[in-house]
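S.K.: Have a look at this one.
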Amino acid sequence: MRELTFFMPTRVVFGQDVVKKAGDGLALGRKALIVTGQTSARKSGALDDVLSVLTGDYVLFDRVENNPTGENCLEGAELAKKENCDYIIAIGGGSPLDAAKVMAVLAVNDKKPLELYGGWENQPLPIVAIPTTAGTGSEVTPYAVLTLHEEETKKGLGGPDLFPRVAYLDPKYTASLPRQVTIDTAVDALSHLVEGYLSNRATPASDFVALQGIAVWGATIPALRAGQFTMEDRENLLLASMLGGITIAQTGTTFVHALGYPLTYFHDYPHGRANGVFMASYLEYTNEHAPERVETVLELLDVPSLEAFRELMNELFADFVGKLHVGEERIRAYAEKAAQTRNVTYSRGTPTVDQLTKILKDNIL
Ligand code: NAP
Ligand code: ZN
């Protein structure tokens, strides 16, 4: 008998001016900790919209770093405690959204960030999530990814109570994204959809979401190629990103994300681009295990072949992805670390260290 669970408790409100339309209903408590990065909440117009409807009290923490650390989150959590905040409004890309989740836990649990990988007791503060990138889908996932200097990598933590309570998605907040950040984050969304669909944890319910998302993403390929985006493209990308989040909330990610982390940690690749480097190899690898699924992905994207998919990725990252100057020993170490992650076991066929080393060499050396 088939076994299946599907859990997605976040209330999603998607459309034009949804924050303004929510009005005072945006508030989930008495006093909000508003969590943002340094500029995006203002540039996108989302912070102004929130402040225009919020009648209750709030305090602003606008110092979330890209790829946040536990210490960064601890700072925000201390502020939440000091100011007696009883809920969080997170505005920004995956970095502020993830950081807000960790703050929500730390504000009510007397723990160090690293200890959260072993779980927590008290229910985190409720979160309102407002994405300003179209990529991570963090507004509908139970995960937060932290940079761990102790382990020289990035690592996800999660729990069913980390899903934001409500997510407000307005494509206009992504209009201020520069061209390349739009592309990098869009590829992250594709990565979630495709990794989820090709994962060995895929279910008929997650497939339903992933397939819809891949088709919506496919419609944006001409815009991604041209580097110019209408509001309809922005809408499609944000929708695809949200569907990608719902997908990985069920399936998790695969070796693509595990191999991407060292590129971000050691070589400053933005998260989506770090995944994009390995996407073509992921399709080629999975073609050995589930060719009918790979064919479906290509069909939905309207990309004629695996070679054409590789060309598309190369084209989107033409200005950036050069070869890295790292020795073979270092490559092997990246592969060994990736092989220890859970993500790798979610890939069909569970690739070996040798296979991962080859995929790294093929794409970054
Ligand atoms: P990000 O790190 O949140 O933001 C990247 C850059 O874009 C920042 O400089 C940010 O500025 C800027 N930016 C964001 N929105 C903007 C806008 N509307 N206009 C202009 N600039 C804008 O990037 P991201 O790719 O969204 O998130 C990446 C993080 O999410 C990584 O840590 C990744 O591991 C994590 N992630 C989480 C999940 C999950 O399920 N939780 C899934 C995938 C990835 P500011 O610095 O001012 O904000
Ligand atoms: Zn991702």
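Any read-out appearing in this document is the output of simple, stated calculations on the displayed coordinates, not a laboratory observation. Predicted model, so just to flag it, every value in this text is computed and none were measured. Note that we place each Cβ from the backbone using ideal geometry, even for glycine, and neighbour counts take in every protein chain shown.
S.K.: Could you check the simple spin-label distance between Val353 and Glu65, using points 7 Å along Cα→Cβ, in nm with one decimal?
M.R.: In this crude label model, Val353 to Glu65 measures out at 3.0 nm.
S.K.: Once the dipole of the chain is set up with Lys and Arg at +1 and Asp and Glu at -1 on Cβ about the Cα centre, which of Val59, Ala290, Leu169 lies farthest towards its positive end?
M.R.: Going by the charge dipole, the pick is Val59.
S.K.: Projecting each Cα onto the charge dipole of the chain (Lys/Arg +1, Asp/Glu -1 at the beta carbon, about the Cα centre), which of Ser305, Leu211, Ala318 comes out farthest on the positive side?
M.R.: Comparing the listed Cα positions along the dipole, Leu211 ranks first.
S.K.: What shape does region 196-271 take by its C-alpha gyration tensor, where a ≥ b ≥ c are the square roots of the eigenvalues and a/c under 1.5 counts as rounded, a/b above b/c as prolate, and the rest as oblate?
M.R.: oblate
S.K.: Using the Cα centre of the chain as the reference point, and only Cβ charges (+1 on K/R, -1 on D/E), how large is the resulting charge dipole? Debye, rounded to the nearest 20.
M.R.: For this selection, approximately 400 debye.
S.K.: For Asp57, which sequence-distant residues (separation of 5 or more, or a different chain) have an amide H within less than 5 Å of its own amide H, given hydrogens modelled in the peptide plane?
M.R.: Ala32
S.K.: Whole-Hz Karplus ³J(HN,Hα) for region 80-88, in order, using 6.51 cos²θ - 1.76 cosθ + 1.60 and θ = phi - 60°, x for Gly and Pro?
M.R.: 4, 5, 4, 8, 6, 6, 10, 7, 10
S.K.: Sticking with this structure for a sec: Expressed as a fraction of 2.2 N^0.38 Å, the rule-of-thumb size for a compact globular protein of N residues, what is the C-alpha radius of gyration of the chain?
M.R.: Ratio of Rg to 2.2 N^0.38 Å for the chain: 0.94.
S.K.: Moving to a separate point now. Whole angstrom only: what separates the Cα centroid of region 12-35 from the Cα centroid of region 215-289?
M.R.: 28 Å
S.K.: Let me ask something else. Using alpha carbons only, how many angstrom separate the centre of region 304-324 from the centre of region 69-83?
M.R.: 40 Å
S.K.: Starting from the Cα-Cα distance between Glu284 and Ala219, subtract it from 0.36 nm times their residue separation and give me the gain in nm to one decimal.
M.R.: 21.2 nm
S.K.: Once you put a point 7 Å from the Cα of Thr5 and another 7 Å from the Cα of Arg201, both along the Cβ direction, what distance in nm separates them?
M.R.: 1.1 nm
S.K.: Pulled fully out, how much extra length does the chain show between Glu292 and Lys21, if you take 0.36 nm times their separation in residues and subtract their Cα-Cα distance?
M.R.: Contour length minus the Cα-Cα distance gives 93.2 nm.
S.K.: Moving on to the next point. Sum up the charges of everything whose Cβ sits under 15 Å from the Cβ of Thr247, counting Lys and Arg as +1 and Asp and Glu as -1, but leave Thr247 out.
M.R.: Net charge in that neighbourhood comes out at -2.
S.K.: Quote the charge dipole size of region 11-173 about the Cα centre in Debye, to the nearest 20; the model charges only the Cβ of Lys and Arg (+1) and of Asp and Glu (-1).
M.R.: Around 400 debye, computed over region 11-173.
S.K.: Tell me, what ³J(HN,Hα) does each residue in region 40-45 have, in order and in whole Hz, if you take phi through Karplus 6.51 cos²θ - 1.76 cosθ + 1.60 with θ = phi - 60° and put x for Gly and Pro?
M.R.: Result, rounded to whole Hz: 5, 5, 7, 4, 6, x.
S.K.: For a test of the definition: using alpha carbon positions, the gyration tensor, and the 1.5 limit on a/c, classify region 1-131 as rounded, prolate or oblate.
M.R.: Note, shape of region 1-131 comes out oblate.
S.K.: A further question follows. For the chain, build the charge dipole from Cβ charges (+1 Lys, Arg; -1 Asp, Glu) around the Cα centre, then report which of Phe266, Gly37, Gly244 sits farthest towards its positive end.
M.R.: Of the candidates, Gly37 comes out farthest on the positive side.
S.K.: Continuing with the same structure: Among rounded, prolate and oblate, which fits region 178-364 when a ≥ b ≥ c are the square roots of the eigenvalues of its C-alpha gyration tensor, a/c under 1.5 means rounded, and a/b larger than b/c means prolate?
M.R.: Since a/c reaches 1.5 but b/c is at least a/b, the shape of region 178-364 is classed as oblate.
S.K.: Which residues make up the longest stretch of the chain clear of chymotrypsin sites (Phe, Trp or Tyr not before Pro) that lie in a DSSP loop with no more than 15 other Cβ atoms within 10 Å, not counting the sites?
M.R.: 8-319
S.K.: What 222 nm value per residue comes from the helices of the chain, counting each DSSP H run with n ≥ 4 as -39,500 (n - 2.57) and dividing by all residues, nearest 500 deg cm²/dmol?
M.R.: Result for the chain, helices only: -15500 deg cm²/dmol.
S.K.: Something else: Count the DSSP beta bridges whose two residues both fall in the chain, then state the antiparallel fraction as a percent rounded to the nearest 5.
M.R.: The answer is about 25 percent antiparallel.
S.K.: At a threshold of 8 angstrom on Cα-Cα distance, excluding pairs fewer than six apart, so keeping six or more, what relative contact order does the chain reach in percent?
M.R.: 15 percent.
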